[in-house]
Amino acid sequence: MVVEILLEAFEPLREDNSINFVVKQDAKRKQRMQVLMEYLFDKAMRTGAVFLSNNRASCLLISYAHRDTFSFEKISSTLNLVFKCIEVRRVQKVLKRQNIVQRNYPDGNYIRPMIFAVKNEYKGTTTAAKLILEVFRDFRNNQLPVIVDTASEKHVELYKKFGLKIYKKEKELGFPIYLMRMN
């Protein structure tokens, strides 16, 4: 269900964004995008949490940095992503994006909301906002920083409403990546 929500929300988007940067853009784009969404779901289940709105129309996947440790499951999931989504010859390009983002993340423990989405029929409603508000309300009282990276100016404005602040804007990839933080 979560993968379906993610796919429905991101598959129609064609503009420059982090998802389209990672997914090889060819005739198999939708299948490749599904592999990425399954990878993110798997990572959230292994290292963090998956939140689903009460009406099952919106989801938020998070990861805790200190839980993202070496495992054979992680290697298997990453190799599947490389071969079925990114493609081997594009790995260096995707790793460059990861390095740009990662160098701006704090050392040690932090919470990383990886992706959120809402079904198309619920866009423009409060479904996604209510879910994020509920989850972020809990984050405000913890000691770990919440770190988000996004290429969407619309998401920047949404995250600001939930208490995150821009601390860096990267432009190396031809489109901006905003790094935001709470706590």
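The values are calculated or read from the model by the stated rules, or taken from the named source; none is laboratory data. Given the structure is predicted, the values throughout are model-derived calculations rather than measurements. With ideal geometry, Cβ positions are generated from the backbone for all residues, glycine too; neighbour counts draw on all protein chains shown.
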Failed condition for residue 166, given (1) over 23 Å from residue 41 (Cβ atoms); (2) in contact (Cβ under 8 Å) with a residue 24 or more places away in the chain: (2)
Residue within the range 137-150 that is in contact with a Ser or Thr (Cβ under 9 Å, 6 or more places away or on another chain) and aliphatic (A, V, I, L, M) present: no
Pairs, first free of Cβ contacts under 8 Å to residues at least 60 places away in the same chain in the range 108-122, second part of a loop (DSSP other than H, G, I, E, B), C-beta under 7 Å, six or more apart: 109/144; 110/144; 110/145
In the range 133-183, residue modelled with the lowest pLDDT [restricted to those that are among the aliphatic types (A, V, I, L, M), touching a strand residue (DSSP E or B) at 6+ places or on another chain (Cβ under 6 Å) and more than 22 Å from residue 107 (Cβ to Cβ)]: 151
Meets criteria (small (Gly, Ala, Ser), surrounded by fewer than 20 Cβ atoms within 10 Å (Cβ to Cβ) and within 24 Å of residue 160 (Cβ to Cβ)) for residue 108: no
Which listed residue is assigned to a helix (DSSP H, G or I), surrounded by fewer than 18 Cβ atoms within 10 Å (Cβ to Cβ) and either over 15 Å from the mean Cα position of the chain (by Cα) or not aliphatic (A, V, I, L, M) (or both), from 20, 55: 20
